[in-house]
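Asker: Before I ask anything, let me first share the structure, which is written out below as structure tokens.
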Amino acid sequence: MSLADTAPVHHRGATGRLVRSELALVLGRRRNVVLLVGLAMVPLLLGVVLYLAQDAGLAGQGPPFVARVTGNGLFLVVASLFLCTPFLLPLTIGIASGDAIAGEASTGTLRYLLVVPVARGRLLAVKALGALVFAGAAVLAIAVVGLVAGAALFGVGDLTLLSGTTVPLADGVLRVAGVVVYVGLSMTGLVAVGLFFSTLTEVPVGAMAATVVVAVVSSVLDQLPQVAVIHPALLTHHWFDFAEMLRVVPSADVLAQGLAVQAGWVAVFGALAWARFTTADVSS
Amino acid sequence: MDTTPVSPTRSRTRAAWAVPAAAVVAVAAAFAAPPLLASAAPDGLPEVTAEELVARVLEAEPQALSGTVVHTARLGLPDLSMTQVAGADPVSLLGGSTTLRVWTDGEQRSRVSLLGTASEYSVVADGTQAWTYSSSDDEVVHYAMSPQDAARAQELKATATPPADLPTPDELGRQALDRAQEHATVGVDAATTVAGRDAYQVVVTPRSTTTLVGRVVVAVDAQTWTPLRVQVWSSDDAATPALELGFTDVTFAVPDDAVLTFSPPPGAAVREVLVPLPDDASLAQAAPDDLPTSLPTDPSEVPLPEGVTVTGTGWDTIVQLSGVDAAALLAGDPAAVADLPRVDKQFGSEGAQELYEQFAPEGDGPPIDLDTAALYEQLTSPVEGGRALSSTLLSVLVLDDGRVLVGAVPVDALRAAARA
């Protein structure tokens, strides 16, 4: 294996331009916009269904949080995130992050990118930033549409926590914002995994599928009591710990543990992606 | 051995791949180190005898604290996996690991929360009243005394004077120890660390070889003498405790007021349960003037309610109840549970309230959950003449003739006792 080329000459401002073009690409690409709109439909659909069915005698039933939406629109944000976290969100994020490098390779544009006077490590960081921004946008799309739809359909008020304590609206909004931030940060590990797979192949679908498979396998392993010893280290194990924000005293330890696991996955798979991308032969 | 000359690119490639390898090692070390450090055995704790230790624990003031408790049960019962499906529910304590949060001011007020994924079951106690709140069905149960009873309880508390000849903690500790040593050996094990605090360990090992209980280990905080962990080991399994209840973190400080107070959230269904205070006559009977200055030394001295018989001694004791109609209890037959309180369920939406009133049974019977019967079926297995629940620590035999036998012995021993 040989390095493809000597490092290009570095130009002032090249990274900034690259970041701008990458963000415009990620957020402007039609497929990505469709994905975001699809995610945003979840709270809208859930809200409308619950609104139409609220007098059908089934109020107060359903999965956690969903039962509470009719009482307080703020819960539409939490309920939508709860429903999207196991699959829809990882799928969307897997598509975006798996495509980051492999997509460029498959269309033959990666070698042109490498001609940009920016080091490969920095190019990878820009790609990672693009994937992270998309992941953030995906979570925000659910949250913002959930908040607007929830407020419009059910109104917002003092928030009843899982512990049965009622906190004022301002505190409630802060806690729900905490849920959104935690869910967003919980996806960083998956972005790193997707980025690594993306550096391995020129077939973007392969990288996307592999990323989603990692999330699915992780949640399957999380259900098996036989491997309980590895549960705390699993990528998906702490995803639902966002509920901690809705307990009477959110435990900083639990939240920090969840974020530390994500940081571990980011460190390992970020380093793997870097090692692969900076040493790989790029021929297309 | 690598004999070929290493090319600059190859060495760069190697150097690059060394980075993720280092990252893996660093991450693994970061996650493995804290538990290893936390479980290091403490040194420098002064030696204590079992007698001193028990006395200190009995003497210790209740502490204001907040902490996280993990309860792990390996009772060998069928897997119920309740928290995944039904949300936080006390039934989940029967198997697997459950996390609880505990707050108490060391006096009257406390809160215990059983945590589930995205759900919580809370019990808040405040003097003479208590609430439970289940987040999965948004239901509050309020246990309280009638105003007269509450006033009487306050009065009793105010007028109660400890008898002059109350045994000192030292005496009580020695008595408790003597009592325990009748049927078991009591010793002090090596000091340990629980929730990051140095702790002494008391080990109680039954002398009996037929009981299911192998030994009981209690870890006691060396500073506050608060029990921090209880492990019950089955005689079947020497590797892991069958039942473990212990703090994973604990802070000795008065918790925030907001944690210890409770008012039903708006829209929640509230069920009122009136707890009767026994009348003065039976209270006087329960606490006779000549308060026993020693613990009862023989179980047969303790008066038993009607229909209850006790056989066996020490750890092999078998309690037998007769005249229990298990089938009627499970079916929620009003006659079998006549004393259970009336329910008043409220819903957030008017439509739901109407529907409920339309379809709710007219009778006053409490709504026994449909799955109670299923749970019973799942936990017990059929045996000759009834059904038996067998776990690593406790066996229950429910006979068709209305007798129920319970004991920390194998099911066969219960059946033998039933035949006797």
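The values are calculated or read from the model by the stated rules, or taken from the named source; none is laboratory data. Just so it is clear, the model here is predicted, and its values are computed rather than measured. Neighbour counts run over all protein chains shown; Cβ positions are idealised from the backbone, glycine included. Surface areas here come from the heavy atoms of the whole protein model, side chains and all, with no ligands, DNA or RNA. Shrake-Rupley method; radii C 1.70, N 1.55, O 1.52, S 1.80 Å.
Asker: Can you give the mean number of other chain Cβ atoms that lie within 10 Å of the Cβ atoms in peptide B:112-118? Before the final figure, lay out each step's value.
Answerer: Values: counts 0, 6, 0, 7, 4, 6, 13.
Per-residue shielding by partner chains comes out at 5.
Asker: Express the relative contact order of chain A as a whole percentage, based on alpha carbon pairs under 8 Å and six or more residues apart in sequence.
Answerer: On the way: 417 pairs, mean separation 75.8, N = 284.
Once divided by the residue count of chain A, the mean separation gives 27 percent.
Asker: Taking only Cα atoms, what is the 0 to 90° angle, nearest 10, from helix A:30-53's long axis to the longest principal axis of chain A?
Answerer: So the helix axis and the longest Cα principal axis differ by about 10 degrees.
Asker: Shifting gears a bit: Just counting partner chain Cβ atoms within 10 Å, what average do the residues of peptide A:156-169 show around their Cβ? Write down the numbers at each step before the final one.
Answerer: On the way: counts 0, 2, 2, 1, 8, 5, 14, 13, 19, 10, 6, 1, 0, 0.
That average works out to 6.
Asker: Further question: Who wins for biggest fluctuation among A:A96, A:A252, A:A56 in a Gaussian network model of chain A, springs between alpha carbons below 10 Å?
Answerer: A:A56
Asker: Skipping prolines and chain starts, which residues have an amide H placed within reach, meaning under 5 Å, of the one on A:V282, given they are 5 or more residues away or on another chain?
Answerer: A:A4
Asker: Want the number for A:L140 to A:S251: 0.36 nm per residue separation, take away the alpha-carbon distance, what's left? Write out the running numbers ahead of the final one.
Answerer: Numbers: separation 111, 0.36 × 111 = 39.96 nm, distance 2.38 nm.
Full extension from A:L140 to A:S251 adds 37.6 nm.
Asker: Test of understanding: what is the full-extension gain from B:D257 to B:E306, defined as 0.36 nm times their sequence separation minus their Cα-Cα distance?
Answerer: Contour length minus Cα-Cα distance gives 13.2 nm.
Asker: Going from most exposed to least, what order do A:L190, A:L129 have by accessible area with a 1.4 Å probe?
Answerer: On the way: A:L190 0, A:L129 70 Å².
If we order A:L190, A:L129 from most to least accessible, we get A:L129, A:L190.
Asker: How far is it, in nm, from the label point at B:V230 to the one at B:D43 when both lie 7 Å from their Cα along the line to the Cβ?
Answerer: Taking the simple label geometry, B:V230 and B:D43 are separated by 3.3 nm.
Asker: In addition: Residue by residue through segment A:130-145, what is 3J(HN,Hα) from phi via Karplus (6.51 cos²θ - 1.76 cosθ + 1.60, θ = phi - 60°)? Round to whole Hz and write x for glycine and proline.
Answerer: Calculated HN-Hα couplings, in order: x, 5, 5, 4, 5, 4, x, 5, 5, 5, 5, 4, 4, 5, 5, 5 Hz.
Asker: Here is a further query. Given a Förster radius of 35 Å and the C-beta distance between B:R174 and B:A21 as r, what FRET efficiency does 1/(1 + (r/R0)^6) yield to the nearest 0.05? Spell out each step's value before the answer.
Answerer: Numbers: r = 60 Å, r/R0 = 1.72.
Efficiency, from the Cβ-Cβ distance: 0.05.
Asker: With solvent modelled as a 1.4 Å probe, how much accessible area in total do chains B and A shield from it at their shared surface, in Å² to the nearest 100? Write down the numbers at each step before the final one.
Answerer: Values: alone 25040 and 13350 Å², together 35580 Å².
Buried area (both sides, nearest 100 Å²): 2800 Å².
Asker: Mind jotting down a quarter of the surface of the convex hull over the alpha carbons of segment A:14-279, in square nanometres, one decimal? Write down the numbers at each step before the final one.
Answerer: On the way: hull surface 60.8 nm².
Averaged projected area of segment A:14-279's Cα convex hull equals 15.2 nm².
Asker: Provide, in order from the shortest bin, the percent of all Cα-Cα pairs of segment B:200-240 in each 5 Å bin, continuing until the bin that contains the maximum pair distance.
Answerer: 6, 24, 26, 19, 12, 9, 4, 0
Asker: Using a 10 Å cut-off on Cβ to Cβ distances, tally the other chain neighbours for every residue of B:250-258 and report the average as a whole number.
Answerer: For peptide B:250-258, the averaged partner shielding equals 1.
Asker: What list of ³J(HN,Hα) values in whole Hz, one per residue of segment B:235-246 in order, does the Karplus curve 6.51 cos²θ - 1.76 cosθ + 1.60 (θ = phi - 60°) give from phi, with Gly and Pro shown as x?
Answerer: Each residue's phi maps through the Karplus curve to give 6, 6, 10, 8, 8, 9, x, 6, 9, 9, 9, x Hz.
Asker: Once a ≥ b ≥ c are taken as the square roots of the eigenvalues of the Cα gyration tensor of segment B:51-251, is the result rounded (a/c under 1.5), prolate (a/b larger than b/c) or oblate (a/b not larger than b/c)?
Answerer: Verdict is oblate for segment B:51-251.
Asker: Would you mind getting me the FRET efficiency between A:V213 and A:V34? Use the beta-carbon distance for r and R0 = 30 Å, nearest 0.05. If you can, show how the numbers build up before the last one.
Answerer: Details: r = 22 Å, r/R0 = 0.75.
So, using R0 = 30 Å, E works out to roughly 0.85.
Asker: Sort largest first and round to whole Å: the equivalent ellipsoid semi-axes of segment B:156-257, each the square root of five times a Cα gyration tensor eigenvalue. Walk me through the numbers before you get to the answer.
Answerer: Values: eigenvalues 152, 103, 33 Å².
Each semi-axis is √(5λ); the values are 28, 23, 13 Å.
Asker: A further question on this structure: Treating the angle as unsigned and between 0 and 90°, give the value, to the nearest 10°, between the Cα long axis of helix A:88-106 and the longest Cα principal axis of chain A.
Answerer: Long axis of A:88-106 versus the principal axis of chain A: about 10 degrees.
Asker: By accessible area of protein heavy atoms, probe 1.4 Å, what ranking do B:L100, B:L375 get, highest first? It would help to have the intermediate numbers written out before the result.
Answerer: On the way: B:L100 20, B:L375 45 Å².
In descending accessible area the options line up as B:L375, B:L100.
Asker: While we're looking at this one, here's another question. Distance from a point 7 Å along Cα→Cβ of B:A328 to each backbone N in segment B:373-416: keep the residues under 14 Å and list them by number.
Answerer: Residues B:401-403 qualify, since their backbone N sits under 14 Å from the label point.
Asker: Give me the one-decimal nm value for the distance between modelled label points at B:Q129 and B:T193, 7 Å along each residue's Cα-to-Cβ direction.
Answerer: If labels sit at B:Q129 and B:T193, their model points lie 4.5 nm apart.
Asker: Tell me, what is the FRET efficiency for A:R20 and A:I230 to the nearest 0.05, using R0 = 30 angstrom and their Cβ-Cβ distance as r?
Answerer: Values: r = 41 Å, r/R0 = 1.37.
Taking R0 as 30 Å, the efficiency between A:R20 and A:I230 is 0.15.
Asker: I've got another one for you. Based on Cβ point charges of +1 for Lys and Arg and -1 for Asp and Glu, what charge dipole magnitude is obtained for chain A about its Cα centre, in debye rounded to the nearest 20?
Answerer: Values: 14 positive and 13 negative charges, 154 e Å.
It comes to approximately 740 debye.
Asker: Calculate the spin-label point distance for A:A56 paired with A:L174, positioning each point 7 Å from the Cα along the beta-carbon direction, and give it in nanometres.
Answerer: Distance between label points: 3.8 nm.
Asker: Okay, moving on. Calculate the all-directions average of the projected area of segment A:164-236's alpha-carbon convex hull, and give it in nm². Walk me through the intermediate numbers first.
Answerer: Numbers: hull surface 28.9 nm².
Quarter of the Cα hull surface area: 7.2 nm².
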